[in-house]
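The values are calculated or read from the model by the stated rules, or taken from the named source; none is laboratory data. These numbers come from a predicted model, not from an experiment. Positions of Cβ are backbone-derived with ideal geometry, glycine not excepted, and every protein chain shown enters the neighbour counts.
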């Protein structure tokens, strides 16, 4: 099973979150994660087409996705949307911002709508909001994994619980794909 994680990261914090998502995916036997940074150049459309799931990730800038991630979404129109190449694929999303809340929900809603337009099946978090900074889902997101990063090196931020939440999302997506696949 192939799960692609396509993301943008302006300063490295969302990339760190993407790596945690990939670790969660890879914790499921038989699952492989492919990290795709939109900033790296040409999008591997064929890889996305052959993926069993696609997880979207973007920092939250000014209350929504980054400009580079928006460009990826627009570029998908001819490549994937018109021919419905992602129809019935599992989808999920994650985001990160400098503020604790920072309108991250709007970023995830943008991703959900994008996935819905492609006919994808969205997987959210199944973790009740944590009450401390050490617990999973400390920010309280249901649509996807949310993280908060201070204005410091990605070496220090986002914190461990946000990364564990991202890993949980990756694992949940891979397990969902397994459940949806026909028995051999």
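Counting only helices (runs of 4 or more DSSP H) that sit wholly inside the range 1-103, those with at least 2 residues that are over 22 Å from residue 116 (Cα atoms) are 13-26. Selection of the range 59-82 for residues being free of Cβ contacts under 8 Å to residues at least 24 places away in the same chain and either in contact with a helix residue (DSSP H, G or I) (Cβ under 9 Å, 6 or more places away or on another chain) or surrounded by 16 or more Cβ atoms within 10 Å (Cβ to Cβ) (or both) yields only 70. Close contacts from the range 107-120, counting a first residue that is closer than 11 Å to residue 80 by Cβ and a second that is modelled with pLDDT of 95 or more and assigned to a helix (DSSP H, G or I), with Cβ to Cβ under 7 Å and a gap of 6+ residues or different chains, come to 114/73. For the range 140-173, the set of residues classified as surrounded by 21 or more Cβ atoms within 10 Å (Cβ to Cβ) and in a loop (DSSP other than H, G, I, E, B) consists of 141, 144, 149, 158, listed by residue number. Residues in the range 1-43 that are in contact (Cβ under 8 Å) with a residue 24 or more places away in the chain and closer than 20 Å to residue 74 by Cβ: 13 in all.
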